[in-house]
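The next block holds one structure in the form of structure tokens; read it before the comments.
The values are calculated or read from the model by the stated rules, or taken from the named source; none is laboratory data. All values reported here derive from a predicted model rather than from experimental measurement. Using ideal geometry, Cβ is built from the backbone for each residue, glycine included, and neighbour counts are taken over all protein chains shown.
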Amino acid sequence: MQQPIIYIILKNGYYIPFLFPLVYFYTQNVLLSTNLTLKLFPANYMFWYSHKFDLSFADRRYNQLKQIVRFTDTGYLVSILAIQSPSYIPNAFNIHFAITFGYWIAKVVLGLDDVDRTNGPTYSMNYERFWGALVHGTPLAILLQKIISTDIRKDTCPYYFSPQTLQISYVWLWVWFFGMYLPWRIRTGDPVYSFMDLRNPHWHKVGGMVMMHGLLWAANGLGRVIYEIE
């Protein structure tokens, strides 16, 4: 039986882009509006499809917690911190740089795919890929524009892209890994990322974490160069 068109629109999240102008009109902040709109897609996805995953919860409604477990999801949080205080912009840039390039390296260079896949005649994988590209690029572009346009002055944060900034970025990664990822993995057995699957060699896992540290280091160095030029 064919589903009504309204269900196809809702389940795919086709309505979400049209919410951006409304969110921006209310917030008058591009970064906040972008992050809220981008976060709506995984929230919408888990609302409709979380019951399909076996994550060892007796009540599968708890599967929706998966949408806050990825490292990408911490990017939304650090973006909010950057909006509240410009001194967090270097950390937000570093985190989103690692999220963005980590995603594309895994996707394009290593050929890795997402763990979760929803197949169905009315579900659009192309739209999901399009949204994934937006999530892994748009926030970083906005933060880069803020740094280049010198919205932030040296007196706002005297430690911009300093070793302290890099240390905080590393701590952010470690807190996510030990405070969010590992408890989720132990509780559910869900690898979240395909390279963390037990069926893959251990060097995949170690290599992935080394890569993320390297990307944070590269982001901090790039941010420092841009900041010093300005």
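Regarding Lys154, is this residue surrounded by 15 or more Cβ atoms within 10 Å (Cβ to Cβ), of a type in the set (Lys, Arg) and at pLDDT below 90?
No; evaluated as a whole, the condition is false for this residue.
Would you pick out the residues in the stretch 17-31 that are in a helix (DSSP H, G or I) and either at positive phi or buried (at least 19 other Cβ atoms within 10 Å of the Cβ) (or both)?
Correct list: Leu31 only.
Any idea which residue in the stretch 1-16 is nearest to the chain's Cα centre (by Cα), counting only those that are farther than 23 Å from Gly132 by Cβ and assigned to a helix (DSSP H, G or I)?
Ile6
Would you confirm whether any residue within the stretch 76-97 is closer than 27 Å to Phe195 by Cβ, touching a residue at least 60 places away in the same chain (Cβ under 8 Å), surrounded by fewer than 16 Cβ atoms within 10 Å (Cβ to Cβ) and not hydrophobic (A, V, I, L, M, F, W, C)?
No: zero hits.
Kindly establish whether Tyr14 is in contact (Cβ under 8 Å) with a residue 24 or more places away in the chain, under 21 Å from Thr72 (Cα atoms) and touching a Phe, Trp or Tyr at 6+ places or on another chain (Cβ under 9 Å). Step through it out loud before you land on a result.
Details: in contact (Cβ under 8 Å) with a residue 24 or more places away in the chain: yes; under 21 Å from Thr72 (Cα atoms): no; touching a Phe, Trp or Tyr at 6+ places or on another chain (Cβ under 9 Å): yes.
When the stated conditions are applied, Tyr14 does not pass them.
Across the stretch 165-174, what is the total count of residues that are without any contact (Cβ under 8 Å) to a residue 60 or more places away in the chain, under 17 Å from Gly102 (Cβ atoms) and among the hydrophobic types (A, V, I, L, M, F, W, C)? Break it down into steps so the answer makes sense when it comes.
We begin by selecting, within the stretch 165-174, every residue without any contact (Cβ under 8 Å) to a residue 60 or more places away in the chain; these are 167, 170-171, 174.
Now restrict to residues that are under 17 Å from Gly102 (Cβ atoms): 170, 174.
From what's left, among the hydrophobic types (A, V, I, L, M, F, W, C): 174.
Looking only at that region, the number is 1.
In the stretch 179-204, what residues are of a type in the set (A, V, I, L, M), assigned to a helix (DSSP H, G or I) and either at pLDDT below 80 or more than 20 Å from Tyr103 (Cα to Cα) (or both)?
At the first step, the residues of the stretch 179-204 found to be of a type in the set (A, V, I, L, M) are 180, 182, 186, 192, 196, 198.
Within this subset, residues satisfying the condition of being assigned to a helix (DSSP H, G or I) are 180, 182, 186, 196.
Matches in the stretch 179-204: Ile186 only.
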